[in-house]
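As structure tokens, the structure follows; a few thoughts come after it.
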Amino acid sequence: MAGHPALLKRVKDTDCVGLLQWALPRLGLRWPGFRRVRGQVCKRVDKRVHTLGISGPAAYMAYLGDHREEWKVLDGLCTVPISRFYRDRAVFDYLGDTVLPILARSATARTEPTVRCWSAGCASGEEPYTMSLLWTHRVRSRFPQTALAVLATDLDTQLLDRPAMAAAASGSCPRRGSTRRSSTRARSTV
Ligand SMILES: C[S@@+](CC[C@H](N)C(=O)[O-])C[C@H]1O[C@@H](n2cnc3c(N)ncnc32)[C@H](O)[C@@H]1O
């Protein structure tokens with residue numbers, strides 16, 4: 001099964017999909033969420049297979065069977081850090097136009113000063129930053145007594161050092177190359 005890395009072929013998409021469909025449920029993950037973003041994961045699997053010097057996904061499945069500790073490595077390879085501002089437009093429109101106003105109205109009725117939201121799996125911070133933008137531009141003027149507090153967390157602490165996360169935490173505008181900030185979570189109130 002082992003071979004020189006230079007002689008090994010790239011893992012084919014269909015083989016990688018087969019591997020992921022087999023492995024993801026065993027990691028407590030679901031294939032549908034990975035279908036569109038599998039390219040990134042497959043590239044990492046490809047690299048891992050080559051590093052181990054084995055012949056491909058089928059051999060990697062056997063390797064996983066023989067090396068329980070490898071599941072942790074595969075779990076790490078399956079983290080997809082894609083994030084964009086207003087990533088899913090329809091979802092953010094619904095949050096900004098419907099959900100946040102309902103929560104703001106309810107908070108006002110209860111004289112509660114803060115609406116709290118949690119961006120769980122926030123990657124580099126574009127999602128919590130978008131929540132802040134929604135509040136600032138679509139909700140705040142109608143509910144001036146109420147603030148939005150955004151708690152953002154991610155499994156991957158390295159992502160939390162990225163510029164967008166620092167900007168989301170400080171409430172400033174994100175810029176490439178801006179000062180980095182290290183944290184396992186970030187909290188911002190707007
Ligand atoms: C595809 S990104 C999505 C980022 C953001 N929610 C967005 O839509 O822009 C998924 C993020 O979830 C994080 N993640 C995955 N499993 C997690 C878990 N169990 N707890 C916390 N974060 C997790 C990953 O590290 C990754 O940064």
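Just a few scattered comments:
- Test: residue in the stretch 53-63 that is exposed (fewer than 11 other Cβ atoms within 10 Å of the Cβ), away from the ligand (no atom under 13 Å from the Cβ) and at pLDDT 90 or above: no
- Residue satisfying all of: in the stretch 117-131; among the hydrophobic types (A, V, I, L, M, F, W, C) and not in a helix (DSSP H, G or I); farthest from the ligand (Cβ to nearest atom) among these: 117
- Qualifying residue in the stretch 100-116 (condition: touching a residue at least 24 places away in the same chain (Cβ under 8 Å), within 16 Å of the ligand (Cβ to nearest atom) and touching a helix residue (DSSP H, G or I) at 6+ places or on another chain (Cβ under 9 Å)): no
- Residue in the stretch 79-99 that is nearest to the ligand (Cβ to nearest atom), counting only those that are under 17 Å from the mean Cα position of the chain (by Cα) and of a type in the set (D, E, K, R): 87
- Of all the numbered requirements in (1) surrounded by fewer than 17 Cβ atoms within 10 Å (Cβ to Cβ); (2) under 29 Å from residue 80 (Cα atoms); (3) at pLDDT 95 or above, residue 130 misses one, and that requirement is (1).
- Total residues in the stretch 44-58 satisfying the condition of being assigned to a helix (DSSP H, G or I) and either among the β-branched types (Val, Ile, Thr) or within 14 Å of residue 76 (Cβ to Cβ) (or both): the figure is 6.
- Some residue of the stretch 59-69 being part of a helix (DSSP H, G or I), on the phi < 0 side of the Ramachandran plot and among the hydroxyl-bearing types (Ser, Thr, Tyr): yes
- Residue match in the stretch 14-37 (condition: modelled with pLDDT under 95, within 16 Å of the ligand (Cβ to nearest atom), among the basic types (Lys, Arg) and not in a loop (DSSP other than H, G, I, E, B)): yes
- Residues that are under 16 Å from residue 138 (Cβ atoms) and either surrounded by fewer than 16 Cβ atoms within 10 Å (Cβ to Cβ) or in contact with a Pro (Cβ under 9 Å, 6 or more places away or on another chain) (or both) within the stretch 102-115 comprise 102, 105, 107, listed in sequence order.
- Residue in the stretch 69-78 that is within 25 Å of residue 11 (Cβ to Cβ), more than 26 Å from the chain's Cα centre (by Cα) and without any contact (Cβ under 8 Å) to a residue 24 or more places away in the chain present: no
The values are calculated or read from the model by the stated rules, or taken from the named source; none is laboratory data. Bear in mind that the values here come from a model prediction, so they are computed numbers and not experimental data. Here Cβ is always computed from backbone atoms with ideal geometry, including for glycine, and neighbour counts include all displayed protein chains.
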